[in-house]
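Structure first, commentary second.
The values are calculated or read from the model by the stated rules, or taken from the named source; none is laboratory data. Predicted model, so just to flag it, every value in this text is computed and none were measured. A quick note on method: Cβ atoms are made from the backbone with ideal geometry, for glycine too, and the neighbour counts reach across all protein chains shown.
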There are 2 protein chains.
Amino acid sequence: MRRYALLPLFALLAAAAPPVAKSPGEIVAAAPASAWRAVDPDNLLLMDLGNDGHVAIELTPAFAPAHVANIRALVRGHWFDGNAIVRVQDNYVVQWGGADEKKPLPVGVAAHLPAEYERPRTGLAIRALGSRDVYAPEVGHADGWPVASDGKSAWLPHCYGMVGVGRDMPPDTGTGAELYTVIGQAPRHLDRNITVVGRIVDGIEAMTALPRGTGDLGFYSDPTQRLAITRARIASDVPEAERPRYQVMRSDAPAFAAYVDARANRRDAFFVRPAGAVDICNAPVPTRRAP
Amino acid sequence: MRRYALLPLFALLAAAAPPVAKSPGEIVAAAPASAWRAVDPDNLLLMDLGNDGHVAIELTPAFAPAHVANIRALVRGHWFDGNAIVRVQDNYVVQWGGADEKKPLPVGVAAHLPAEYERPRTGLAIRALGSRDVYAPEVGHADGWPVASDGKSAWLPHCYGMVGVGRDMPPDTGTGAELYTVIGQAPRHLDRNITVVGRIVDGIEAMTALPRGTGDLGFYSDPTQRLAITRARIASDVPEAERPRYQVMRSDAPAFAAYVDARANRRDAFFVRPAGAVDICNAPVPTRRAP
């Protein structure tokens, strides 16, 4: 928990101790190209913020096809351009898109969608996490996503950086016009109560470091406190030459298995007692800019 | 996940639906005075920050007596006055006190302390959480603290807002001169690898909303980015008339049992499927200013 300016000491210890195992970060850095899959530009939502932040979100039609299609239509209908982040609740969520509740939805955007809280487990190649879970009988990863399951259905758990669809009380009132991301301890009690559509793959710091709202539920009580979304685009609409490209670690890559094991059993020099287990939300799937 | 400006709709639904259960927040607000214990001013560390933030930390001699005593001596020796927050790593920790590694420790402060990673379970009246845990065989609450145990030892889990003691590689190098708090998903792999001394009871937003450091491990690479700690005091040294007073919900209060049950089984109107379980770090012990 201190700075690694103490590497000389570390080196001294290492000389007398057994070989020090790789840290999770070192495993990720050493992973071969075959350990990564590209993020499909049709599923990549790019948002530019008024604080010069650039947020990249991978959407997953495999879990929320109707909502992802609606979000694409919202983006292409310029719903988010000039919209804002309206809520920052500490240890909970950042929420955006609801700057003007009277603004009509763009043409082609559905005003009501069926809830997509879960999907059939069938069709997902889930790599078991290898640790138990507080909330679900089964947790693991599939195609670069964290997944929870009860054996029949599967759903995306509310881990840090996951993106969900705000809704009002009735379950069919989420459209994607108002989105949120998790910025604290995983609020897993929201699992299967709300549609999760993706996760932030880059730039979350531009959202998590924002001043907390002082209104109820962390809403900014004064609209001038809101942070503007200056532009939102689907990456496939961005000219190829200027399109950012991201990669996600494959769930079936040997490097991913080594990474999860290292998250559960820290053997790098700082640790005196490996935990022997890891929470699904404490083994975030590695993502990176494409090299 | 949307604003409660939709209460008219909520009211309409409630008229036709079964009675709506209280939310965790409503249970806490309705708890009687007997449900709360005072924070001992000898265990209350108050820090004023350069951003006008005021952070209040409850220290626990029951888990880390030597480190708490050392922290009191550091505070009284003005170690933290004019010191700074030096590290903000997203989804991990904020760390302070290490602005000048060459500064000598105040007189009376121990430079080496035994690790206080755990204590005997005996002597703690642990109220079982009622949910399983990923990391420990047993979790619950004792005297207003979250507790994990293996049946023999007990320790404070690294939940959001818990405060720990930075150290270098050898376990006896933490003094309390450098402290950190958790600002993201609970890094429970640190449990029993580092001494935990307390938790923030007020003002965490002044730390969590800070810009993330861009240096290795989230350290501020430029010292001018650091946020000053203008003053640190132990509350018992503050004149009574200006001393802030805090309370923590008692682990054995019926209101606390109702609160934990409501965190595990959200029955307020928004929820369609209660989780049936709760993570120890997703049922934070309620704290408040003394009324």
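General observations
- Set side by side, the residues B:Ala269, B:Ala277 differ, and just one is within 9 Å of another protein chain (Cβ to nearest Cβ) and closer than 30 Å to A:Arg266 by Cβ, which is B:Ala277.
- Considering (1) surrounded by 14 or more Cβ atoms within 10 Å (Cβ to Cβ); (2) modelled with pLDDT under 95, the lone condition that A:Leu59 does not fulfil carries the number (2).
- The one condition in (1) surrounded by 24 or more Cβ atoms within 10 Å (Cβ to Cβ); (2) small (Gly, Ala, Ser); (3) at the interface with chain A (Cβ under 10 Å from one of its Cβ atoms); (4) at positive phi that B:Gly218 fails to fulfil: (1)
- Qualifying residue in the stretch B:271-286 (condition: in contact (Cβ under 8 Å) with a residue 12 or more places away in the chain, among the aromatic types (Phe, Trp, Tyr) and over 18 Å from A:Gly184 (Cα atoms)): no
This table checks each residue for (1) modelled with pLDDT of 95 or more; (2) within 14 Å of chain A (Cβ to nearest Cβ); (3) surrounded by fewer than 21 Cβ atoms within 10 Å (Cβ to Cβ).
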| residue | (1), (2), (3) |
| --- | --- |
| B:Asp40 | yes, no, yes |
| B:Arg72 | yes, no, no |
| B:Asn91 | yes, yes, no |
| B:Val107 | no, no, yes |
| B:Ala125 | yes, no, yes |
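- Selection within the stretch B:238-266: residues that are charged (D, E, K, R) and more than 8 Å from chain A (Cβ to nearest Cβ). The member of this set that is surrounded by the most Cβ atoms within 10 Å (Cβ to Cβ) is B:Arg250.
- Taking the listed residues B:Gly144, B:Gly166, B:Gly213, B:Gly151, the one that is at pLDDT 95 or above, facing another protein chain (nearest Cβ under 7 Å) and touching a Lys or Arg at 6+ places or on another chain (Cβ under 8 Å) is B:Gly166, with no other qualifying.
- A search for C-beta distances below 8 Å between a residue of the stretch B:50-73 that is farther than 22 Å from B:Arg288 by Cβ and any residue that is surrounded by fewer than 17 Cβ atoms within 10 Å (Cβ to Cβ) and of a type in the set (Asp, Glu), counting only pairs 6+ apart in sequence or on different chains, returns B:Arg72/B:Asp42.
- Filtering the stretch A:202-212 for residues that are part of a strand (DSSP E or B), under 20 Å from the mean Cα position of the chain (by Cα) and surrounded by fewer than 24 Cβ atoms within 10 Å (Cβ to Cβ) leaves a non-empty set.
- Test result for A:Ala136, surrounded by fewer than 21 Cβ atoms within 10 Å (Cβ to Cβ), modelled with pLDDT of 95 or more and not charged (D, E, K, R): no
- Of all the listed residues (A:His141, A:His158), the sole one being within 14 Å of A:Ile194 (Cα to Cα) and of a type outside the set (Ser, Thr, Tyr) is A:His158.
- The stretch B:169-195: number of residues that are in contact (Cβ under 8 Å) with a residue 12 or more places away in the chain, over 16 Å from B:Asp90 (Cα atoms), within 7 Å of another protein chain (Cβ to nearest Cβ) and among the hydrophobic types (A, V, I, L, M, F, W, C): 1
- Residue within the stretch A:262-280 that is under 14 Å from A:Ala29 (Cα atoms), at pLDDT 95 or above and either among the basic types (Lys, Arg) or over 17 Å from the mean Cα position of the chain (by Cα) (or both) present: yes
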